[in-house]
Amino acid sequence: MTFANPEILYALILVLLLPIVFIRSETKRRALLTSMIASDKPGLVMGAGFERRLVAMVLLCLGIAALVAAAARPQWGTKLEAITHRGIDILVAIDVSESMRARDVSPDRISKARQEVEKFLELLKGDRVGLIAFAGSAYNYCPLTVDYRAIRLFLSGLEPGVIEDSGTNLNSAIAEGIKTFERSKSSSYRVLVLFTDGEHHEQDPLPAVREAVDAGIQVYTVGIGNPSTSGERIPLDKKGQEEVFKLDQAGNLVITKLDEATLQSIAEEGNGQYYRVSQAGTELVEIYKQLSAMEQTEFSSRLHHQKEERFQIPLLGAFVCLVLAFSLSDRSFRKLRRTQGVRI
């Protein structure tokens, strides 16, 4: 036998205090009666109702102990349960290029992207999620899983520089998404969500988007950046040194800007929608509403040995003991005491 909440059993220590309280109470009661009552039959007066009070105390202790045992949830025996996961498959591709260090959104683009993905995970229920990191190339950072704790662990390590290839290659992110979905061999809906500033330094990404659509994948885009600014400098990661900004080969400051036009084209071609992340982050809620409206598909089912809950047994015992204990009150036996010629 095991207990689901074994720490509750420590409360049984309090049950041991009840007999001590009872003994002290009876001692004081006997002393009080001795000082107040003179009788030819002191045994009758002194002992009236003691046996019932003793039985009531024992039943009370047993009842409380049984309640504590029930709260600790005793378990023994097992049963087989089928656990089924239903939902949709979602790949989240996060841009980790150097331009994601820009601070046109607070605290910076990459941190904002991580925060929004965290919020997105809180909305999901039973859907499989995977992570793709991309810059000049793309990498399947975390495979599709329903373990959101694992996703959060991998998400916390996403920073510019985790992929050595510089630049931003949206084609590689989309191609990696297609490969990941093909490896999963799932029949559920497939959704690719790109978190990026949209700056693109390679060939036109639309042919890759069309290939994704042909593979049954919907493509959503989430823009990270502030379109109202004329551009933002890219701080370089120089720990412990004075802050410097990225320069081009001619020694000029590199300016990055959110490219909404490209992201809108990708979303339109991918049968999805484009959203720009605001400080409130309500855009992710809209994406979730659309995804949750899709028909969910069963993508995993397995048998699980589940322990049988047996708390009902001590709970029933506690009820019986407590009812009997309270039925043995002094009031219940006054009539009996009067028939014995005793008044208290």
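The values are calculated or read from the model by the stated rules, or taken from the named source; none is laboratory data. This is a predicted model, so every value here is computed, not measured. Virtual Cβ from ideal backbone geometry, glycine too; neighbours counted across all protein chains shown.
When both residues are 6+ apart or on different chains and their Cβ atoms are under 6 Å apart, which pairs have a first residue that lies in region 15-26 and is farther than 10 Å from CYS61 by Cα, and a second that is part of a helix (DSSP H, G or I)? From residues that are farther than 10 Å from CYS61 by Cα, the pairs are PHE22/MET57.
Being among the polar types (S, T, N, Q) and either at positive phi or at pLDDT below 90 (or both) is the filter here, so list the residues in region 45-102 that pass it. Give the derivation first.
So in region 45-102, the residues among the polar types (S, T, N, Q) come out as 75, 78, 84, 97, 99.
Correct list: GLN75, THR78, THR84.
For every residue, the table says whether it meets (1) more than 16 Å from GLY130 (Cα to Cα); (2) over 28 Å from the mean Cα position of the chain (by Cα).
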residue: LEU170; (1), (2): yes, yes
residue: ALA173; (1), (2): no, yes
residue: GLN203; (1), (2): yes, yes
residue: VAL219; (1), (2): no, no
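One residue stands out among those in region 125-155 that are touching a Lys or Arg at 6+ places or on another chain (Cβ under 9 Å) and polar (S, T, N, Q): the one that is farthest from THR196 (Cα to Cα), which is THR145. Is it fair to say GLY225 is among the small types (Gly, Ala, Ser), more than 35 Å from the chain's Cα centre (by Cα) and assigned to a loop (DSSP other than H, G, I, E, B)? No. Just one residue in the set SER137, SER97, SER111 is more than 21 Å from the chain's Cα centre (by Cα), crowded, with 16+ Cβ neighbours inside 10 Å and free of Cβ contacts under 8 Å to residues at least 24 places away in the same chain; that residue is SER111. Residue-level check: of (1) free of Cβ contacts under 8 Å to residues at least 12 places away in the same chain; (2) of a type outside the set (Asp, Glu); (3) on the phi < 0 side of the Ramachandran plot, TYR275 misses just (1).
If you take the residues of region 249-272 that are in contact with a strand residue (DSSP E or B) (Cβ under 6 Å, 6 or more places away or on another chain) and polar (S, T, N, Q), which of them is farthest from ARG190 (Cα to Cα)? So that I can check it myself, show each step before the final result.
First, pick out the residues of region 249-272 that are in contact with a strand residue (DSSP E or B) (Cβ under 6 Å, 6 or more places away or on another chain): 253, 256, 258, 260, 263-264, 266-267, 270-272.
Right, trim to polar (S, T, N, Q) and you get 256, 264, 271.
Numbers: THR256: 31, GLN264: 19, ASN271: 12 Å.
Ranking the qualifying residues of region 249-272, first place goes to THR256.
Taking every residue in region 254-269 that is assigned by TED's automatic domain parsing to the domain that holds VAL213 and within 15 Å of ASN226 (Cα to Cα) and pairing it with any residue that is at pLDDT 90 or above and in a helix (DSSP H, G or I), at least 6 positions away or on another chain, the pairs with Cβ-Cβ distances below 7 Å are THR256/SER99. Restricting SER188, SER166 to those that are within 24 Å of the chain's Cα centre (by Cα) and assigned to a loop (DSSP other than H, G, I, E, B) reduces the list to SER188.
One line per residue, one yes/no per condition, for (1) among the charged types (D, E, K, R); (2) modelled with pLDDT under 90; (3) touching a helix residue (DSSP H, G or I) at 6+ places or on another chain (Cβ under 6 Å):
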{"site": "PHE134", "(1), (2), (3)": "no, no, yes"}
{"site": "PHE181", "(1), (2), (3)": "no, no, no"}
{"site": "SER188", "(1), (2), (3)": "no, yes, no"}
{"site": "PHE195", "(1), (2), (3)": "no, no, yes"}
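All conditions but one from (1) within 25 Å of LYS112 (Cβ to Cβ); (2) touching a Leu at 6+ places or on another chain (Cβ under 9 Å); (3) at pLDDT below 90 apply to ILE224; the one that does not is (3).
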